[in-house]
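Q: The structure is given below, and queries will be raised subsequently.
The values are calculated or read from the model by the stated rules, or taken from the named source; none is laboratory data. Note that the coordinates shown come from a computational prediction; the quantities given were computed from them, not determined experimentally. Glycine gets a Cβ as well: all are built from the backbone with ideal geometry, and neighbour counts include every protein chain shown.
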Amino acid sequence: MRPEQMRRHADYEAASGNKLIAACLRDAARDVCPHGLVRAYCDEHRRPVPVKRRSALSCVVRGCGTMPHVGVHPGTGLVVMLILTGAAAGWKGGLVGCLIGAGIMAAGMVPIYLVGAYSRARLSDRLANAPTTPGMREEEG
């Protein structure tokens, strides 16, 4: 996208009453790459988006809940059901048997659940930092 195209779009947004969007577009139109394109639309000269580094524990905790780009963790209900099934299987042994059954099921299922939570959090971060307009490139000539 050429700077003059971006400025025309900013004028349109300002006329529509979107002052904040118009100001952002005007700022972006000032940042021009050596090819004469707005830097955000030039594949060679686009500035990288800084990515916040997170610890593995932080990713696991975030991944267990609802994430903005991937939604609710699909395994939460299954893990809870399997742990309760293990507790029900050990019910014949009383409270101790119930806890042992739940513990055995948790030892097998929770690690798999947590690996899935970690990968969901990483995927959500990658989707959040992905370019919003892939293929939006001005043709030369």
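Q: Being without any contact (Cβ under 8 Å) to a residue 40 or more places away in the chain, farther than 25 Å from Leu84 by Cα and not in a loop (DSSP other than H, G, I, E, B) is the filter here, so list the residues in the range 115-132 that pass it.
A: Arg126
Q: Something else: In the range 97-114, is there at least one residue being at negative phi, touching a strand residue (DSSP E or B) at 6+ places or on another chain (Cβ under 8 Å) and not in a loop (DSSP other than H, G, I, E, B)?
A: no
Q: What are the residue pairs meeting all of these: first residue in the range 7-25, first residue assigned to a helix (DSSP H, G or I), second residue exposed (fewer than 15 other Cβ atoms within 10 Å of the Cβ), Cβ atoms under 7 Å, and 6 or more apart or on different chains?
A: none
Q: Which of (1) at pLDDT below 75; (2) surrounded by fewer than 17 Cβ atoms within 10 Å (Cβ to Cβ) does Glu4 not meet, given it meets every other one?
A: Checking Glu4 against (1) at pLDDT below 75; (2) surrounded by fewer than 17 Cβ atoms within 10 Å (Cβ to Cβ), the one that fails is (1).
Q: Of the residues Val80, Val61, only one is in the same structural domain as Ser119 (by TED's automatic domain parsing), modelled with pLDDT of 90 or more and within 16 Å of the chain's Cα centre (by Cα); which?
A: Working: Val80 fails: within 16 Å of the chain's Cα centre (by Cα).
Being in the same structural domain as Ser119 (by TED's automatic domain parsing), modelled with pLDDT of 90 or more and within 16 Å of the chain's Cα centre (by Cα) holds for just one of Val80, Val61, which is Val61.
Q: Of the numbered conditions (1) touching a Gly at 6+ places or on another chain (Cβ under 9 Å); (2) assigned to a helix (DSSP H, G or I); (3) within 30 Å of Asn129 (Cβ to Cβ), Pro74 satisfies every one except a single condition; which is it?
A: (2)
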